[in-house]
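First comes the structure, then the notes that go with it.
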Amino acid sequence: MTDTSRDNLFSSPLGKVPAFAFDQAVVDVFPDMISRSVPGYETILAHTGELADRFVQANTHCYDLGCSLGASTMAVRQRIAGRGAKIIAVDNSTAMLSKCKTILEANADSTEVELVHSDICDIEISDASLVVMNFTLQFVPLEQRVALISKIYRGLNPGGCVIISEKLSFEPESLNQLLSELHHGFKRAQGYSDLEISQKRDSIENVLVPETLDSHIQRLRACGFQSASPWFQCFNFCSLVAIK
Ligand code: GEK
C-alpha cells in the first residue's frame, strides 16, 4: 500500500471537525479506512460470499446497497458465477461509484453488475434472492429505515436472504461505553492515534446513527422477517442475517 492510500484524514488537528462525507478524499483511502476501523470486516466480506453461495438462485437479482468500492459485490460475484444472476450495486456517492466502476472493470467476471447512482431509499427491489447492506443502513435517516426494510422484504423472493452489517449501540450507557472503548482499542492497535480516533468520532457523530441489536431484530420482525439473527459480532460491530 502506498502512503497516499493510507487513511490519515484525521491525523492533524482540524479545529472545527467537519461532518463526515463520502467524498473524493474518503474514496482515496477507503479500503484502508474501513479495514482498520471495522473489526471483522474481512470476515464479514468472506461470509457475505458464503451466504451468497447458499442463497443466490439462478436468474435472480442480488442487491449491494451502499456498495462503496464494490468489496461486497466482488465477494458475492466470486461465488455465484454461471448462475445467470445479476448484481445491482447502488450508492449515492458519485466519487465512490466512479472508482467502483474502475475497480470492477479491472476485475472482469461473467456475472453482470449494474451500477446505480441513487439513494437506496429510492430504488426498486424486485426478484431478489439476496440483498446485502454492509454498513449502510446506519447512514440512512432513522425515520426511513422501516420503509427501506419493508421494501427489501417485499422485493425478496420466498427463501431469499438479507445481510445487514452495522455498528451497534448498547444499553445501558455503561455497556455502550465499554464496547466503544474496546473498539477504540482495536483502532489504536491498527495504528490510529488518539487524535485520529477522537476527531473521526466527532466527524461521524449524527452522520452514522447506530441502533441496538434488539431494535434491528424487532424492526426485521415487524417488516415480515420471522427468521432473523446475528451471525457475527465483534465489539460494537455486528452482522445479521434474515430470511423471507
Ligand atoms: C463495503 N458496503 O465495503 N443511499 C445510497 N448509498 C448510501 C446511502 C444512501 N442513502 N447512505 C450511505 N450510502 C461497503 C461499505 S460504506 C460503510 C459501505 C462505511 C453509501 C455511502 O456513500 C458509502 O459508500 C456506503 O453507503 C457506506 O462492503 O463507510 O462505514
By residue number, the members of region 128-182 that are farther than 18 Å from I34 by Cα and among the small types (G, A, S) are A128, S129, A147, S150, G155, G159, G160, S169, S174
Within region 73-103, the count of residues that are under 22 Å from D119 (Cβ atoms), of a type in the set (D, E, K, R) and in contact with a strand residue (DSSP E or B) (Cβ under 8 Å, 6 or more places away or on another chain) comes to 3
Residues in region 114-136 that are surrounded by fewer than 19 Cβ atoms within 10 Å (Cβ to Cβ), away from the ligand (no atom under 12 Å from the Cβ) and among the polar types (S, T, N, Q) total 1
Apart from one, (1) under 15 Å from I125 (Cβ atoms); (2) surrounded by fewer than 20 Cβ atoms within 10 Å (Cβ to Cβ); (3) within 14 Å of the chain's Cα centre (by Cα) all hold for N92; the odd one out is (1)
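With the condition being hydrophobic (A, V, I, L, M, F, W, C) and over 18 Å from K151 (Cβ atoms), I'd like the helices (runs of 4 or more DSSP H) fully within region 164-244 carrying at least 3 qualifying residues. Talk me through it step by step, then tell me what you get.
Details: elements: 173-189, 194-204, 213-222.
Correct list: 173-189, 194-204.
So which of C67, C62 ends up being buried (at least 20 other Cβ atoms within 10 Å of the Cβ) and in contact with an Asp or Glu (Cβ under 7 Å, 6 or more places away or on another chain)?
C67
Residue-by-condition table, conditions (1) out of contact with any Pro (no Cβ under 9 Å at 6 or more places or on another chain); (2) modelled with pLDDT of 95 or more; (3) crowded, with 17+ Cβ neighbours inside 10 Å:
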| site | (1), (2), (3) |
| --- | --- |
| D23 | yes, no, no |
| S35 | yes, yes, no |
| V38 | yes, yes, yes |
| I44 | yes, yes, yes |
| A58 | yes, yes, no |
Residue hits (region 190-240; aliphatic (A, V, I, L, M), at pLDDT 90 or above, exposed (fewer than 15 other Cβ atoms within 10 Å of the Cβ) and over 19 Å from E173 (Cβ atoms)) are V207, A222
Per the list (1) in a helix (DSSP H, G or I); (2) under 23 Å from H183 (Cβ atoms); (3) among the β-branched types (V, I, T), residue check on V17 breaks on (1)
Sole miss for Y63 among (1) of a type outside the set (G, A, S); (2) under 17 Å from F139 (Cβ atoms); (3) near the ligand (Cβ under 9 Å from one of its atoms) is condition (3)
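The values are calculated or read from the model by the stated rules, or taken from the named source; none is laboratory data. Quantities reported herein were computed from a predicted structural model and do not represent experimental measurements. Every residue, glycine as well, gets a Cβ built from its backbone with ideal geometry; the counts of neighbours run over all protein chains shown.
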